Amino acid sequence: ELKEIVFIIQSQSNSFHSKRAEDLKRDILKQAADLGKELPTVQLIHQMDGHEGAWTILPLMRDFSVTYGRNSSWIFFCEEDTRIQVVKLLETLGRFDGSKEWFLGKALYDEESTIIHHYAFAENPTVFKFPDFAAGWALSIPLVNKHSTRYSNVQLALDFTIDLKHEIALYIWQKGEGPHLTPVPEFCTDDVNSYKVDHCATTFSNFLPLCGEPVKKEDVFVAVKTCRKFHGDRIPVVKQTWEREAALIEYYSDYADISIPTIDLGVPNTDRGHCGKTFAILERFLNHSSPRTPWLVIVDDDTLISIFRLRKLLSCYDPNEPVFLGERYGYGLGTGGYSYITGGGGMVFSRIAVQKLLASKCRCYSMDAPDDMVLGMCFSGLGIPITHSPLFHQARPMDYPKGYLSHQIPVSFHKHWNIDPVKVYFTWLAPNTEQSLNGKKVGYNREDL
């Protein structure tokens, strides 16, 4: 029965995202009403008990068990851009015995071991499957009940949440004592309008959000963090690739080099974190850039980014809200903790977010503290939510499953390690399908759809 399915939408409190989640909730309930069925429960995760770590799901297992453990059969998780054919979802779940322990989803796997997953299953990473959240995934209630007590009794092996879908699969698998993910072909990430989706219970609707006109080039100020030892190898890559997309860009270093040019902020370079440098950049943006510039982007000198696509994405966000946007990680969320935007993929701030941060007096506990984590801690203390976008990437394209990247038009990647970064840019991020590289026309395999 439809009333035995609890829908959990992986929502966010930012106004753009919460509206999309509410729209999905309405759609699910309308489909249920049109069927003449008793309405299912539909919950938005950002509204659940104010828990900072609610998005990591595991801390909520006990609540799910207590609230739904007696009268439900399945908990079905999805993203705000997942589209659900309720009748087909009912048919699909009906194939499985809900009294058994099931972990269902569209399977992703690593083709080679990756740092994101701490090189798990290094001998053969393809053996371990984890769910593509965009397609939706489901847990049977007996499995939820089993894990409701386990979470409170077991200290999580890692303090960090880096890739939730992989970490949840590891947690449920329990080193072989729990179930593997069962792949379900009806859970799909094909575009909702694709001819391929006739058999699908779920589809995916958004590769790169666009809400009206892209923001103007002059509305995005780009700050590149660098240091003297990387002026010769990393900065030329920026200049060969995405610098031309930025109308307002400055390079911040520990050494003033007029050939680039770089600006010496008077902050010595550190081998660990760069908190001092980042806060100096925030102060400079607030005090020296035009007050009419609503957006600041801070990137590393080995970040590859599409400012062209970022301008499209930012059309969906209200610059009058405090926005802190990028790829979300978590620290210590099982025991309080905070979420943060990981720096390598790029950190995007609305001007008002910077104003609120600097007015708060929350600062680095040391100059070489990890800047992204300190920012997360500060914004958490201010009650300003982290806004997650899966289009920002802390690592290289080959560090992610092909199936995961197939339903994205990415905004950024990070690191030059063992790759040709110029080729990666023109393959994945360039604004046109063909660009000139060393005098040759270079096609690439991803297009703006």
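If you go through the range 191-207 one residue at a time, do you hit one that is surrounded by 15 or more Cβ atoms within 10 Å (Cβ to Cβ), in a strand (DSSP E or B), touching a helix residue (DSSP H, G or I) at 6+ places or on another chain (Cβ under 9 Å) and modelled with pLDDT of 95 or more?
Step one: of the range 191-207, the residues surrounded by 15 or more Cβ atoms within 10 Å (Cβ to Cβ) are 191-192, 197, 200-207.
Keeping just the survivors that are in a strand (DSSP E or B) gives 191, 202-204.
Within this subset, residues satisfying the condition of being touching a helix residue (DSSP H, G or I) at 6+ places or on another chain (Cβ under 9 Å) are 191, 202-204.
Add one more test, that the residue is modelled with pLDDT of 95 or more, and what stays is 202-203.
Yes, the conditions are met somewhere in the range 191-207.
Mind listing whichever residues of the range 69-95 are at pLDDT 95 or above and open to solvent by 30 Å² or more (accessible area, probe 1.4 Å)?
Within the range 69-95, the first condition is being at pLDDT 95 or above, and the residues that meet it are 72-95.
Once the filter is applied, which keeps residues that are at pLDDT 95 or above and open to solvent by 30 Å² or more (accessible area, probe 1.4 Å), the range 69-95 yields Glu79, Arg83, Gln85, Val87, Lys88, Leu90, Glu91, Gly94, Arg95.
Restricting attention to the range 371-398, which residues are open to solvent by 20 Å² or more (accessible area, probe 1.4 Å), in a loop (DSSP other than H, G, I, E, B) and polar (S, T, N, Q)?
Once the filter is applied, which keeps residues that are open to solvent by 20 Å² or more (accessible area, probe 1.4 Å), in a loop (DSSP other than H, G, I, E, B) and polar (S, T, N, Q), the range 371-398 yields only Gln394.
Go through (1) open to solvent by less than 10 Å² (accessible area, probe 1.4 Å); (2) under 27 Å from Phe392 (Cα atoms); (3) at pLDDT below 95 and name the single condition His147 misses.
(2)
Restricted to the range 23-34, and to residues that are surrounded by 13 or more Cβ atoms within 10 Å (Cβ to Cβ) and among the hydrophobic types (A, V, I, L, M, F, W, C), which residue is nearest to Val323 (Cα to Cα)?
The first filter runs over the range 23-34 and keeps only residues surrounded by 13 or more Cβ atoms within 10 Å (Cβ to Cβ), leaving 24-25, 27-29, 31-32.
The next check asks that each one be among the hydrophobic types (A, V, I, L, M, F, W, C); those that pass are 24, 28-29, 32.
Values: Leu24: 23, Ile28: 29, Leu29: 30, Ala32: 35 Å.
Per the stated criteria, the residue is Leu24.
It is to be established whether one or more residues within the range 266-288 are among the aliphatic types (A, V, I, L, M), farther than 14 Å from Val348 by Cα, at pLDDT below 95 and surrounded by 13 or more Cβ atoms within 10 Å (Cβ to Cβ).
Yes - at least one qualifying residue is present in the range 266-288.
Just one of the numbered conditions (1) surrounded by 21 or more Cβ atoms within 10 Å (Cβ to Cβ); (2) closer than 27 Å to Leu313 by Cβ is not true of Glu52; which one?
Here Glu52 meets the rest and fails (1).
Go over the candidates Arg83, Arg95 one by one and state the one that is among the basic types (Lys, Arg) and either under 25 Å from the mean Cα position of the chain (by Cα) or more than 30 Å from Gln31 (Cα to Cα) (or both). Steps first, please.
Values: Arg95 fails: either under 25 Å from the mean Cα position of the chain (by Cα) or more than 30 Å from Gln31 (Cα to Cα) (or both).
Exactly one residue qualifies, and that residue is Arg83.
Scanning the range 1-22 for residues that are open to solvent by 60 Å² or more (accessible area, probe 1.4 Å) and touching a residue at least 24 places away in the same chain (Cβ under 8 Å), which turns out farthest from His51 (Cα to Cα)? If you could, list the steps in order and put the result at the bottom.
Narrowing the range 1-22 to residues open to solvent by 60 Å² or more (accessible area, probe 1.4 Å): 1, 3, 13, 19, 22.
Narrowing the set further to residues that are touching a residue at least 24 places away in the same chain (Cβ under 8 Å) leaves 1, 3, 13.
On the way: Glu1: 30, Lys3: 26, Ser13: 12 Å.
By that ranking, first place goes to Glu1.
Would you pick out the residues in the range 99-124 that are open to solvent by less than 60 Å² (accessible area, probe 1.4 Å), assigned to a loop (DSSP other than H, G, I, E, B) and within 19 Å of Glu186 (Cβ to Cβ)? Don't jump to the end; show me each part of the working.
First pass over the range 99-124, keeping only residues open to solvent by less than 60 Å² (accessible area, probe 1.4 Å): 103-108, 110, 113-114, 116-117, 120-121.
Still in the list and also assigned to a loop (DSSP other than H, G, I, E, B): 106, 110, 113-114, 120-121.
Lys106, the sole residue that qualifies.
Among the residues of the range 322-370, which ones are open to solvent by 10 Å² or more (accessible area, probe 1.4 Å), in contact (Cβ under 8 Å) with a residue 60 or more places away in the chain, among the aliphatic types (A, V, I, L, M) and in a helix (DSSP H, G or I)?
Of everything in the range 322-370, just one residue is open to solvent by 10 Å² or more (accessible area, probe 1.4 Å), in contact (Cβ under 8 Å) with a residue 60 or more places away in the chain, among the aliphatic types (A, V, I, L, M) and in a helix (DSSP H, G or I), namely Leu358.
Quick check: anything in the range 139-155 in contact with a helix residue (DSSP H, G or I) (Cβ under 6 Å, 6 or more places away or on another chain) and either outside the structural domain of Gly36 (by the TED database) or charged (D, E, K, R) (or both)?
no
Evaluate the range 40-52: report whether one residue or more is modelled with pLDDT of 95 or more, part of a helix (DSSP H, G or I) and over 20 Å from the mean Cα position of the chain (by Cα).
Checking the range 40-52: not a single residue is modelled with pLDDT of 95 or more, part of a helix (DSSP H, G or I) and over 20 Å from the mean Cα position of the chain (by Cα).
Filtering the range 1-33 down to residues that are among the charged types (D, E, K, R) and under 26 Å from the mean Cα position of the chain (by Cα), which residue is nearest to Lys88 (Cα to Cα)? I'd like the intermediate steps shown before the answer.
Residues of the range 1-33 that are among the charged types (D, E, K, R), as a first pass: 1, 3-4, 19-20, 22-23, 25-27, 30.
Next cut, under 26 Å from the mean Cα position of the chain (by Cα) only: 19-20, 22-23, 25-27.
Details: Lys19: 25, Arg20: 22, Glu22: 21, Asp23: 20, Lys25: 17, Arg26: 18, Asp27: 15 Å.
Only one residue fits best here, namely Asp27.
Within the range 166-174, does at least one residue satisfy the condition of being surrounded by fewer than 17 Cβ atoms within 10 Å (Cβ to Cβ), without any contact (Cβ under 8 Å) to a residue 40 or more places away in the chain and assigned to a loop (DSSP other than H, G, I, E, B)? It would help to see each step written out before you state the result.
Taking the range 166-174 first, the residues surrounded by fewer than 17 Cβ atoms within 10 Å (Cβ to Cβ) are 174.
If we keep only those that are without any contact (Cβ under 8 Å) to a residue 40 or more places away in the chain as well, we get 174.
Checking which are assigned to a loop (DSSP other than H, G, I, E, B) leaves us with none.
No; the residues of the range 166-174 include none that is surrounded by fewer than 17 Cβ atoms within 10 Å (Cβ to Cβ), without any contact (Cβ under 8 Å) to a residue 40 or more places away in the chain and assigned to a loop (DSSP other than H, G, I, E, B).
Looking only at the range 290-321, filter to residues that are outside any loop (DSSP other than H, G, I, E, B), open to solvent by 10 Å² or more (accessible area, probe 1.4 Å) and not acidic (Asp, Glu); which one of those is nearest to Val220 (Cα to Cα)? I'd like the intermediate steps shown before the answer.
Step one: list which residues in the range 290-321 are outside any loop (DSSP other than H, G, I, E, B), which gives 295-300, 303-305, 307-314.
This time we only want the ones that are open to solvent by 10 Å² or more (accessible area, probe 1.4 Å), so: 300, 308, 311-312.
Imposing the further condition that a residue be not acidic (Asp, Glu) reduces the set to 308, 311-312.
On the way: Phe308: 11, Arg311: 8, Lys312: 11 Å.
Per the criteria, the residue is Arg311.
Given the condition in a loop (DSSP other than H, G, I, E, B), in contact (Cβ under 8 Å) with a residue 40 or more places away in the chain, touching a Lys or Arg at 6+ places or on another chain (Cβ under 6 Å) and within 20 Å of Phe96 (Cβ to Cβ), answer yes or no: does some residue in the range 135-156 qualify?
no
The values are calculated or read from the model by the stated rules, or taken from the named source; none is laboratory data. Keep in mind it's a predicted model, so treat the numbers as computed, not measured. Here Cβ is always computed from backbone atoms with ideal geometry, including for glycine, and neighbour counts include all displayed protein chains. The protein model used for the area step is the full one, side chains on, heavy atoms only, and it has no ligands, DNA or RNA in it. Shrake-Rupley method; radii C 1.70, N 1.55, O 1.52, S 1.80 Å.
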